[in-house]
1. What does the highest-first list of 139-146, 109-116 look like by mean Cβ count within 10 Å?
2. So which of 47/164; 10/198; 114/164; 101/164; 59/87; 164/215 end up more than 26 Å apart, counting from Cα to Cα?
3. I'd like to check one number: the per residue accessible area of the chain, probe 1.4 Å, reported in Å² as a whole number.
4. Which of the helices in the chain meet the span-like rule: DSSP H, Cα axial reach of 20 Å or more, Kyte-Doolittle mean at least 0.0?
5. Report the label-to-label distance for residue 224 and residue 164 in nanometres (one decimal), using points 7 Å from each Cα along the Cα→Cβ vector.
6. Please sort 206-219, 121-134, 45-58 by packing, taking for each peptide the average over its residues of neighbouring beta carbons within 10 angstrom, highest first.
7. Please give me the summed charge of the neighbours of residue 225: other residues whose Cβ is under 9 Å from its Cβ, Lys and Arg +1, Asp and Glu -1.
8. Counting only DSSP beta bridges with both residues in the chain, what percent are antiparallel, rounded to the nearest 5?
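The values are calculated or read from the model by the stated rules, or taken from the named source; none is laboratory data. Note that the coordinates shown come from a computational prediction; the quantities given were computed from them, not determined experimentally. Quick reminder, even Gly has a Cβ in these numbers, built from the backbone with ideal geometry, and neighbours come from all protein chains shown. Heavy atoms of the whole protein, side chains included, go into the accessibility calculation; ligands, DNA and RNA do not. Shrake-Rupley method; radii C 1.70, N 1.55, O 1.52, S 1.80 Å.
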Amino acid sequence: MEIKSLMKCKQRDLENKLNVPLDHPTTKGDHREAAWIDFFRSFLPSKYAIDKGFVFDAKGGISEQIDIIIYDALYTPLIYTTDAGEKYITAESVYAVFDSKPKIDKSTLEYTNKKIESVTNLYRSNRGVVVAGRENPPRELTPIYGGILALDSVTPETIIEHVKNYSSIDFGCSIHDFTFHVRRDDNRHYLSMITSAKDETILAFYYLILEMLYKIGTVAGLDIRDYADTTLTQFKIERGD
C-alpha cells in the first residue's frame, strides 16, 4: 500500500474519533485532545513524549493548561503527573504545543496564541551536555513551535489576516480543509503562509511536523541546578561550570 493511501486511512481514523457525538463540552474536549495525542504517538519516534498538561520553569512560572505538548523523553526529567493524566513538564524540554478546537477562526486563533505565549514566555536554562564522556558547550535555545488543530476552518485569507497579529502561531491543521504553515522572520514577523490541498491535510501535517522536529534536533540541556535553587532552602547543588 502506498504512503498516500496509508495516510488517508490515518486521516479517516482521526476524523472518526473526532466526530464521535458527545454532548458534554468537557468530555468532548477531552476526547478531541486524546484523539490528537494518539495521532502524534502513532508516528513520532520514541525520543518524543506527547501529553496534555502544564509547562513550568525554574523561576516559578507556569503556563496555562495545554492540550497537546510534544517534549523530550530522553534527557529531561518529568516532575509530576496528576491522577487525571496531566503532566507538569519543564520548559526546557518542550518542542511544540498545540491547542485542539472544533474550528479554526478568529476567536480560537486568538485564544490559542495566548496559550502558546504562556509557554514561550517562560524562562529556559541551557546547559552543556556530556556525550560519550565528552563535555559539549551549551547550545542556543531551540524554538518552541505552536499550532492549532481542528476539524473545520475559516478560509486561508481570513487566517492570514489574523496570524499577522498572532505571532506565536506557526502552523495548523483543519482536517476537512487544509494544513497551513506560517513563515516568519527571526523577529516573529509574518512573511507568508502556505496551505495544503484539501485531500492532503494529514499527509502535509505529518511531513510538516517531522521536518520541524528534524530542524530542532534535540532541545538544549536543562540546568537542574536552577530548579534546585528555587525549591531547596538549605541544600545546594554545587556549580562547577
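1. Working: 139-146: 17.5, 109-116: 19.6.
With the highest mean Cβ count within 10 Å placed first, the list reads 109-116, 139-146.
2. Working: 47/164 33 Å; 10/198 15 Å; 114/164 14 Å; 101/164 20 Å; 59/87 18 Å; 164/215 23 Å.
Violating the 26 Å Cα-Cα cut-off are 47/164.
3. Details: 12680 Å² over 241 residues.
In whole numbers, the chain has 53 Å² accessible per residue.
4. Working: long enough: 3-18 (22 Å, -0.91); 25-41 (24 Å, -1.01); 106-120 (21 Å, -0.98); 201-216 (23 Å, 1.45).
Taking the DSSP H segments of the chain (at least 20 Å long, mean hydropathy at least 0.0), we get 201-216.
5. Modelled inter-label distance: 4.8 nm.
6. Working: 206-219: 15.6, 121-134: 13.2, 45-58: 18.4.
Peptide ranking by packing, descending: 45-58, 206-219, 121-134.
7. On the way: positive: 127, 236, 239; negative: 223, 226, 229, 238.
Within the 9 Å Cβ shell, the charges total -1.
8. Working: 26 of 41 bridges.
Around 65 percent antiparallel, to the nearest 5.
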